[in-house]
Amino acid sequence: MEEPQRSRSHTVTTTTSSFTENFSTSSSSFAYDKEFLRTLPGILIVAEIGLCFNGSAFVLYLIAAIVDASSVTKERNNHNYNSWAASSFFAFVVTICYAGNTYFSFLSWRSRTVQ
């Protein structure tokens, strides 16, 4: 035989942890921590972000500069050739700047991790 169904209680029991007791949902708890950037972990994170950004920018600009330089052809129109040659030159200048910035970011990051 089937058992008669009992009515369920509408009471919900919740528990809290020590983390949630100290956690406030006000906007001040989500505010930007400016003091964190002055600590060693904060400086390392900023240095690593800069290193990753500069390294990826260097790779992307290098690819773009190589594609730009390989697409320059001598045509009848001398103005087009000069424009493409100038754009290739400046693409390599920007690539060299990002390479230097990546190198200095790496040195900065490396010197902070050694300390």
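Per-residue 3J(HN,Hα) values for the stretch 52-62, derived from phi via the Karplus relation 6.51 cos²θ - 1.76 cosθ + 1.60 with θ = phi - 60°, read 5, 4, 5, x, 5, 5, 4, 5, 5, 5, 5 Hz in sequence order (x marks Gly and Pro). When each of the peptides 68-75, 80-87 is scored by the mean number of other C-beta atoms lying within 10 Å of its residues, the order from highest to lowest reads 80-87, 68-75.
Quick one: how many Å² of Cys52 are accessible to a 1.4 Å probe, rounded to 10? Estimated to the nearest 10 Å², Cys52 gives 90 Å². Projected label points at Thr39 and Phe106, each 7 Å from Cα along the beta carbon direction, are separated by 3.0 nanometres.
Segment His79..Val46, full-extension length gain: 7.5 nm, with 0.36 nm per residue of separation and the alpha-carbon distance subtracted. The share of accessible area on the stretch 43-84 that comes from carbon and sulfur is 68 percent, using a 1.4 angstrom probe.
The values are calculated or read from the model by the stated rules, or taken from the named source; none is laboratory data. This is a predicted model, so every value here is computed, not measured. Heads up, the Cβs are rebuilt from the backbone with ideal geometry, glycines too, and the neighbour counts pull from every protein chain shown. Ligands, DNA and RNA are stripped out before the accessible areas are found, and what is left, the full protein with its side chains, is counted by its heavy atoms. Shrake-Rupley method; radii C 1.70, N 1.55, O 1.52, S 1.80 Å.
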